[in-house]
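Undergrad: Sharing a structure below in structure tokens format, with a few things to ask.
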Amino acid sequence: MVKNSMSKAKNVIDTYFSLRTIHPTLFQGRDPSLPAMKRSFEDVHIVILPGLTKEGNRVILMRINNPDPDDYDLEAHMKRSLMLMEIYLRDGVDFTGLQVVHDFKNFKLGHLTHFNLQLLKMMSTGMKGYQFRLPKTIMMNAPSHIDTLMTVCRPFINAKVMARVKIIKDQLKLAEELPPEMVPVEYGGTAPSVEELNNQWREILMKNRPYLAVVDSLKTNESLRLEKKFIQTEFGGENGSFRKLAVD
């Protein structure tokens, strides 16, 4: 994912560990047994679909299960997304990119009030420690206020990624975008339902509680950094190379 660049590889490794120091909000309390995490599993389904696309990509699907905006905990859902990425890093990345599918069927205008800009900045930078290429984003069942959400998120997503967004009106068309065997049955495919996959990932993360605790304890001592502190370069990188908050 770093295009055979030793310099970029070093930077990603530095970022991966430094993030736990400068963004503890997203890298502490990543324990699936905690009450907030348990609620997250019920309120929002976040799953990696089985198999690979013909391009060799994995696909992560997210959808709100509980339509009540008052119950929406963006921080907990972000933590879960990063926890899934953690498992793939440990087991060895076996894909060329990560496609994202969002089902906005239960997304209400009230959910927008939970999109804290500081959290979005953290998540944008947090993904820099994982370096997964995002070749495509698919949006289904998009409501009229999706434009407002896109406006809020646009500063944290670069133009290349925004250009790869595709909106489909009929959710059953998802089986035309992805191999049918990857697509959950409710979207016209032959894979297990999203709820079943969500439960499977809950079990996987529960089994990996000790591992997640260990990796989240591995932090940097920024006071020993020879040049500018990581946090002083506007969320890191070498000499401020992450000044433009973007996810690619």
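Undergrad: Using the Cα centre of the chain as the reference point, and only Cβ charges (+1 on K/R, -1 on D/E), how large is the resulting charge dipole? Debye, rounded to the nearest 20. Working shown, then result.
TA: Details: 34 positive and 29 negative charges, 197 e Å.
Here the chain has a charge dipole of around 940 debye.
Undergrad: Could I ask something else about it? Any number yet on Rg/Rh for the chain, C-alpha, Kirkwood?
TA: Across the chain, the Cα-based Rg/Rh ratio is 0.95.
Undergrad: Which one of GLY110, PHE17, MET62 has its Cα pushed farthest toward the positive end of the charge dipole of the chain, where Lys and Arg give +1 and Asp and Glu give -1 at the Cβ?
TA: PHE17
Undergrad: Ok, one more. Taking a 31 Å limit on the Cα-Cα distance, which of the listed pairs LYS105/LYS219; LYS108/LYS166; LYS38/LYS105; LYS3/LYS54; LYS3/LYS166; LYS8/LYS38 fall beyond it?
TA: Numbers: LYS105/LYS219 39 Å; LYS108/LYS166 20 Å; LYS38/LYS105 22 Å; LYS3/LYS54 21 Å; LYS3/LYS166 26 Å; LYS8/LYS38 36 Å.
In this structure, LYS105/LYS219; LYS8/LYS38 exceed 31 Å between Cα atoms.
Undergrad: Over the range 45-118, what percent of the accessible surface lies on carbon and sulfur atoms, probe 1.4 Å?
TA: Carbon-and-sulfur percentage of accessible area, whole number: 50.
Undergrad: If you don't mind, there's one more thing I want to ask. Test of the criteria: in the range 1-110, which trypsin sites (Lys or Arg not before Pro) are in a DSSP loop and have at most 11 other Cβ atoms within 10 angstrom of their Cβ?
TA: Sites meeting the loop and neighbour criteria: LYS3, LYS54.
Undergrad: Same structure, new question: Send over a whole-number figure in Å² for the accessible area per residue of the range 114-206, probe 1.4 Å.
TA: 48 Å²
Undergrad: OK, next. Size of the dipole of the range 58-155 about the Cα centre, Lys and Arg at +1 and Asp and Glu at -1 on the beta carbon, nothing else charged, in debye to 20?
TA: On the way: 12 positive and 10 negative charges, 79 e Å.
Charge dipole of the range 58-155: 380 debye, to the nearest 20.
Undergrad: Can you give the angle from 0 to 90° between the axis of helix 194-207 and the longest principal axis of the chain, with both taken from C-alpha atoms, to the nearest 10?
TA: 30 degrees
Undergrad: Using a simple spin-label model with points 7 Å from Cα along the Cα→Cβ vector, what separation in nm is obtained for LYS54 and GLN28?
TA: 4.8 nm
Undergrad: With a cap of 16 neighbouring Cβ atoms within 10 Å, and only residues DSSP puts in a loop, list the GluC sites (Glu not before Pro) found in the range 38-82.
TA: Sparse-neighbourhood loop GluC sites (Glu not before Pro): GLU55.
Undergrad: Would you kindly find the accessible area of LEU205, with a 1.4 Å probe and non-protein molecules such as ligands, DNA and RNA excluded, rounding to the nearest 10 Å²?
TA: About 0 Å², ignoring ligands and nucleic acids.
Undergrad: Could you check the simple spin-label distance between LEU218 and GLU195, using points 7 Å along Cα→Cβ, in nm with one decimal?
TA: About 3.8 nm, to one decimal.
Undergrad: Let me ask something additional. Quickly work out the SER5-to-GLU42 label distance, labels modelled 7 Å from Cα along the C-beta direction, and quote it in nm with one decimal.
TA: The modelled label-to-label distance comes out at 4.5 nm.
The values are calculated or read from the model by the stated rules, or taken from the named source; none is laboratory data. These numbers were taken from a predicted model, which means no experiment stands behind them. Glycine gets a Cβ as well: all are built from the backbone with ideal geometry, and neighbour counts include every protein chain shown. These accessible areas exclude ligands, DNA and RNA; they are computed on the full protein's heavy atoms, side chains included. Shrake-Rupley method; radii C 1.70, N 1.55, O 1.52, S 1.80 Å.
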